[in-house]
1. Tell me, what ³J(HN,Hα) does each residue in the stretch 128-140 have, in order and in whole Hz, if you take phi through Karplus 6.51 cos²θ - 1.76 cosθ + 1.60 with θ = phi - 60° and put x for Gly and Pro?
2. So in the stretch 5-146, what percent of DSSP beta bridges are antiparallel if you round to the nearest 5?
3. Order the peptides 78-85, 65-72, 129-136, 38-45 from the highest to the lowest mean number of other Cβ atoms within 10 Å of their residues.
4. How about Lys59: which lysines have a C-alpha closer than 21 Å to its C-alpha, ignoring those fewer than 8 places off in the same chain?
5. With the chain treated as a Gaussian network of Cα nodes joined by springs under 10 Å, which of Glu141, Glu30, Glu55 yields the largest mean-square fluctuation?
6. 222 nm [θ] for the chain, helices only, -39500 (n - 2.57) per DSSP H run of 4+, per residue, to 500?
7. Taking 0.36 nm per residue of sequence separation and subtracting the Cα-Cα distance, how much length would be gained by fully extending the chain between Asp83 and Glu141, in nm to one decimal?
8. Let me check the size of the stretch 24-154 from its C-alpha atoms; what are the radius of gyration and Dmax in Å?
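What follows is calculated from the coordinates using simple rules that are stated; it is not laboratory data. The model shown is predicted, which means the values in this text are computed figures rather than measured ones. Glycine also receives a Cβ, built like all others from the backbone with ideal geometry; neighbour counts cover every protein chain displayed.
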Amino acid sequence: MSHHDERTFVMVKPDGVQRGLIGEIVSRFEERGLKLVAGKFIQIDRELAHEHYGEHEDKPFFDDLVEFITAGPVFAMVWEGADATRQVRSMVGETDPAESAPGTIRGDFGLDLGRNVIHASDHEDEGANEREIDLFFEEDELLDYERIDAAWLY
Ligand code: RTP
Ligand code: MG
């Protein structure tokens, strides 16, 4: 990992999995030039859901959020690249798909605030990327290799 690189946590939510959007979403990050360093297909239990979305525990939508994120499997990933957290969030779009520009993942595939296809670490929440990676992955699940186009990208 070179000095300007950063890692960020992303997951395709249960609605994205059930709609068959995993491949499309992975493709977008690959084509952008980010490097996949970890990935797993998992069922989130209520405990993990509470830890992951702990910041929203007191919000009125929290119970629905936990219900939804545990409703079926998710595809969890770690992506690496320059300023990856911000880059990924800009590709994801806004929380509400209605506010998300076409071309973003939520703007292209989402209609509903509660079922917005994808999660990505918040770049405005310092350290959220590292915290979320630690919550979902063991250190030895993050794999190291070179993308051969890196010299052209950076
Ligand atoms: P996420 O964490 O899932 O990537 O989404 P986000 O950062 O864009 O939005 P965040 O504020 O962290 O909210 C987490 C998820 O909770 C649901 N939500 N519902 N009913 C509501 O007002 C409301 N607000 C947020 C969304 O599904 C959002 O993705
Ligand atoms: Mg969030």
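1. 4, 4, 5, 4, 6, 4, 5, 5, 9, 10, 7, 3, 6
2. Antiparallel: roughly 95 percent of the beta bridges in the stretch 5-146.
3. Going by the mean number of other Cβ atoms within 10 Å, highest first, we get 78-85, 129-136, 65-72, 38-45.
4. By straight Cα distance, Lys59 reaches Lys13.
5. Evaluated over the chain, the most mobile residue of the options is Glu55.
6. -9500 deg cm²/dmol
7. This chain segment gains 18.7 nm when fully extended.
8. Using the Cα atoms of the stretch 24-154, the pair Rg, Dmax is 15.1, 47 Å.
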